[in-house]
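A short write-up of the structure that comes next.
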Amino acid sequence: MNLLPELRLHRPETLDEAVRLKATLSGARFVNGGTDLLVNLRRGLGEPSDLIDLGAVADLASIRRVEGALWLGAGVTLDDLARHPEVLAHYPAVAHATLQVAGPNHRAAATLGGNLCQDTRCVFFNQSDWWRKGNGYCLKYKGDKCHVVVKSDRCYATYHGDIAPVLMVLGAEAVIATQGAARRAKIADLYREDGAAHLTLAPGEALAAVVLPSALGCRAGYAKMRERDAVDFPLVGIAAALQRDGDRIGELRVAVTGTNSAPLVVPTAELAGRPWDDSAASDLVAVLLKTGNPLKTTVVGAKYRRRVMRAIARQLIDRLWNEAAQAGGAAGA
């Protein structure tokens with residue numbers, strides 16, 4: 001690990017001041033829990049001139065109901081998010097996915113906004129500086145080629161967040177703040193398929209909150225595969241939200257993480273109106289394989305990750321389908 005680079009630390013007390021600083025200070029980075037950013041800086045992965053600490057912005061650390069929807073502040077810790085009564089009662093899939101993130105000590109410091117905006121990862125990138133220098137810097141930082149897809153003109157580092165895909169299938173929206181204003185966007189619109197520039201936020205923007213809709217009408221869940229049963233990032237993660245209409249699929253929404261440079265929605269509209277059976281599962285696997293694209297960004301082989309992706313998707317939706325039947329069509333998340 002390296003020493004942290006020389007930098008200036010700012011601690012604004014309002015979100016408006018925070019985004020103003022971000023817009024005017026070239027090279028500045030937001031930080032709150034720091035469980036992702038500070039580790040990367042200690043590895044020499046970036047040299048920001050300024051850090052803007054969001055820990056003093058009180059409005060970011062609240063969870064509240066607004067016109068029926070549940071607003072999750074971007075500064076809420078993962079520990080508080082997973083234990084909040086409203087989340088446990090009405091959005092248990094969010095609580096479950098949150099508890100899959102890292103370990104208890106990480107979740108006590110890490111925040112929702114930091115988790116959603118975490119950097120992409122790659123076995124060629126997340127190394128010490130001397131390792132990267134000796135093996136050739138990569139396209140993501142200091143280099144001119146991607147070691148994963150050598151002839152590519154973009155970086156294939158992978159997004160490994162657990163919470164984003166669940167929010168995506170639940171129809172949540174992001175509240176994005178700029179100085180004196182805010183806009184709302186789908187969670188999927190926070191990301192692009194570029195490992196070196198995977199966030200769509202402009203320099204003067206910050207993720208302020210996540211809005212969960214009040215009426216879900218579905219059962220939702222999340223499943224992941226990782227090397228160890230705790231701490232590790234997902235090598236593959238699948239989120240699904242299922243609305244069952246008798247013996248037919250009313251609606252099925254699926255998202256995948258850990259395979260691409262962004263969490264992605266899997267196109268499933270053609271499954272609506274069909275029973276969930278081997279034929280439907282086979283068609284889901286086909287579109288899942290076209291969407292998720294595991295490459296050699298981890299120490300686990302891509303072929304194995306594809307096989308696991310298919311398996312955990314089928315297992316997860318089987319479980320949701322059976323739970324919906326046992327509940328007599330009652331909705332839940």
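The values are calculated or read from the model by the stated rules, or taken from the named source; none is laboratory data. This one's a predicted model, so the numbers in the text were calculated from it and none came from an experiment. We place every Cβ from the backbone using ideal geometry, glycine too, and count neighbours over all the protein chains shown. Areas reflect the complete protein model, heavy atoms only, side chains present, ligands, DNA and RNA absent. Shrake-Rupley method; radii C 1.70, N 1.55, O 1.52, S 1.80 Å.
With the simple spin-label model, which puts each label point 7 Å out from Cα in the Cβ direction, the Glu6 to Glu227 separation comes to 3.7 nm. Here the Kirkwood formula puts the hydrodynamic radius of the chain at 20.5 Å, using every distinct Cα pair.
Listed by number, the DSSP H helices of the chain that run 15 Å or longer by alpha-carbon position along their axis and have mean Kyte hydropathy of at least -0.5 are 278-291.
Counting only protein heavy atoms and using a 1.4 Å probe, what share of the accessible area of the chain belongs to carbon plus sulfur, as a whole percent? Of all accessible area on the chain, carbon and sulfur atoms account for 50 percent. For the chain, adding -39500 (n - 2.57) for each run of n ≥ 4 DSSP H residues and dividing by the number of residues yields -8500 deg cm²/dmol at 222 nm.
Got the relative contact order for the stretch 218-281 handy, in percent, Cα pairs under 8 Å and 6 or more residues apart?
Numbers: 117 pairs, mean separation 16.0, N = 64.
The normalised contact order for the stretch 218-281 reaches 25 percent.
Taking every protein chain into account, the accessible area of the chain amounts to 45 square angstrom per residue (probe 1.4 Å).
Here the stretch 1-61 is described by how far its Cα atoms reach on the three principal axes: 34, 24, 12 Å, from widest to narrowest.
Tell me the relative contact order for the chain as a rounded percent, counting alpha carbon contacts under 8 Å between residues six or more apart. Before the final figure, lay out the partial values.
On the way: 734 pairs, mean separation 54.3, N = 333.
Answer for the chain is 16 percent.
How big is Rg to Rh over the stretch 239-333, alpha-carbon atoms, Rh as the Kirkwood inverse-mean-distance radius? Mind dumping the intermediate values first?
Numbers: Rg = 13.9 Å, Rh = 13.9 Å.
Result: Rg/Rh = 1.00.
Evaluating 6.51 cos²θ - 1.76 cosθ + 1.60 at θ = phi - 60° for every residue in the stretch 6-13, the Karplus couplings come out as 5, 7, 9, 10, 10, 10, x, 9 Hz, glycine and proline recorded as x. Across the stretch 208-225, rounded Karplus estimates of 3J(HN,Hα) from the backbone phi angles (6.51 cos²θ - 1.76 cosθ + 1.60, θ = phi - 60°) give 9, 6, 10, 10, 9, x, 6, 9, 8, x, 8, 10, 9, x, 9, 9, 9, 10 Hz, Gly and Pro being marked x. Projecting the Cα atoms of Leu289, Ala269, Val236 onto the dipole axis of the stretch 213-295, where Lys and Arg carry +1 and Asp and Glu carry -1 at the beta carbon, places Val236 farthest toward the positive end. In terms of overall dimensions, the stretch 126-212 has a Cα radius of gyration and Dmax of 16.3, 46 angstrom. Under a Gaussian network description of the chain, with springs only between Cα atoms under 10 Å, the residue in Ala255, Ala188, Ala58 that fluctuates furthest is Ala58.
Pairs of alpha-carbon atoms within less than 8 angstrom and 6+ residues apart define the contacts here; what relative contact order does the stretch 236-333 have, in percent? Let's see the in-between values first.
Details: 134 pairs, mean separation 27.5, N = 98.
Normalised by residue count, the contact order of the stretch 236-333 is 28 percent.
Rg(Cα) of the stretch 77-145 divided by 2.2 N^0.38 Å?
Computed over Cα atoms of the stretch 77-145, the ratio equals 1.55.
In terms of the Cα gyration tensor, with a ≥ b ≥ c the square roots of its eigenvalues, is the stretch 162-312 rounded because a/c is under 1.5, prolate because a/b exceeds b/c, or oblate? It is oblate, given that a/c is not under 1.5 and a/b is not larger than b/c. Highest mobility in the GNM of the chain, judged by mean-square fluctuation with C-alpha springs under 10 Å and restricted to Gln100, Gln315, Gln118, is found for Gln315.
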